[in-house]
Amino acid sequence: MHCQHCGSKMKNTPTVKVSDLLALVQRDYREKEKRSLYLVNLYINNQLLPYFGDRSAAYLLERNIDEYKDKRLGEGASKVTISRELQVLKRGFNLGLKRRLIKTAPFIELFPEPEPREGHYEYEEFLKFIEVARSIPASKNFDGQVVADIVYFAYFSGWRLSECLGLHKDWIKVKEQLAILPAKKHKNKRPKILPLDGELWELVSLRLSQCNNDGLLFHRNGKPIKSIRRLCLTICQSVGIDSAHFFHNLRRSFRTNLGRAGIDDQT
């Protein structure tokens, strides 16, 4: 008997398909409560399963991986995206080996990782953004004051956008003047502790007194904020600063400012 996909002669009829290995990945991510499960499911359901799912895991060859790369590149996918998809496939084979479902795995070569993005905002640029944001009157869909407060908090905390939008009153220790991001909300599964002082503490104190019924400090007319990217893009264009990777740049600005202040990485 020969494999219908690669033509290789098969000694025994294989029973483990690539779809079985991808299911192991999904289970692994669910059990470990990884926040990237949503993306992994997208990679599997939209790309990996349709292309590899029915294939025999034991007879998947390196050239099949190369054919997948060519197909995805032809569809306009970036090399970074393709590598992320193949990392999921590779994880599936590793889990299959550990569980002794398969005896071999193909060599899955990823594209080289791009150079880390660089960029930060100087304090003067940051102040221009805040000034313009605060001048935008509140409406049904936009609230410049709230956006300014979120960006202000992000600039002086280094928190991710999702972490800032989820800032909850229970995370604020008023007596100690601390904001503590719970471990389950942090990408690295460790609590993140932020001392609050000066204007940052004044902002948080004001937001505490105005939180919504669910305890969120940042909200729009009492409702959770899903995204502020579009308004941030408009403001960046207005003040003439780079809008690409805006919140990543805010995090880099935080790290740059710490370095300039002589604070070491461990601290």
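The values are calculated or read from the model by the stated rules, or taken from the named source; none is laboratory data. No experiment lies behind these values; they were computed from the predicted model shown. In this analysis, Cβ positions are derived from the backbone assuming ideal geometry, glycine residues included, and neighbour counts consider all displayed protein chains. Note: accessible area is taken over every heavy atom of the protein model, side chains too, but ligands, DNA and RNA are not part of it. Shrake-Rupley method; radii C 1.70, N 1.55, O 1.52, S 1.80 Å.
List, please: which pairs have Cβ atoms under 7 Å, are six or more places apart or on different chains, and start with a residue in the stretch 80-107 that is farther than 16 Å from Asp54 by Cα and open to solvent by less than 20 Å² (accessible area, probe 1.4 Å) and end with one that is among the hydroxyl-bearing types (Ser, Thr, Tyr) and outside any loop (DSSP other than H, G, I, E, B)?
If the second residue must be among the hydroxyl-bearing types (Ser, Thr, Tyr) and outside any loop (DSSP other than H, G, I, E, B), the pairs left are Glu85/Tyr43; Val88/Tyr43.
How many residues are of a type in the set (Lys, Arg), assigned to a helix (DSSP H, G or I) and surrounded by 11 or more Cβ atoms within 10 Å (Cβ to Cβ) if we restrict to the stretch 218-267?
So the count comes out to 4.
How many residues does the stretch 169-191 hold that are more than 18 Å from Tyr152 (Cβ to Cβ) and open to solvent by less than 60 Å² (accessible area, probe 1.4 Å)?
Selection size over the stretch 169-191: 4.
Take the conditions part of a loop (DSSP other than H, G, I, E, B) and surrounded by 15 or more Cβ atoms within 10 Å (Cβ to Cβ) and apply them to Ile65. Does it pass?
No, not satisfied.
What about Gln145, is it touching a residue at least 12 places away in the same chain (Cβ under 8 Å), open to solvent by less than 90 Å² (accessible area, probe 1.4 Å), of a type in the set (S, T, N, Q) and within 20 Å of Ile235 (Cα to Cα)?
In short, yes.
Would you check if there is a residue in the stretch 255-266 being more than 26 Å from Trp171 (Cα to Cα) and touching a Ser or Thr at 6+ places or on another chain (Cβ under 7 Å)?
No - not one qualifying residue is present in the stretch 255-266.
Filter the stretch 150-208 down to residues that are part of a strand (DSSP E or B), among the basic types (Lys, Arg) and more than 25 Å from Ser36 (Cα to Cα), then give me how many there are.
Total satisfying the criteria: 1.
Counting only residues that are open to solvent by less than 30 Å² (accessible area, probe 1.4 Å), part of a helix (DSSP H, G or I) and out of contact with any Phe, Trp or Tyr (no Cβ under 9 Å at 6 or more places or on another chain), how many does the stretch 26-59 have?
Number satisfying all stated conditions: 2.
Listed here are the residues, each with its yes/no results for (1) of a type outside the set (Lys, Arg); (2) over 19 Å from Thr256 (Cα atoms).
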site: Gly92; (1), (2): yes, yes
site: Leu97; (1), (2): yes, yes
site: Lys103; (1), (2): no, yes
site: Glu131; (1), (2): yes, yes
site: Ser135; (1), (2): yes, yes
site: Leu167; (1), (2): yes, yes
site: Trp171; (1), (2): yes, yes
site: Arg190; (1), (2): no, yes
site: Leu194; (1), (2): yes, no
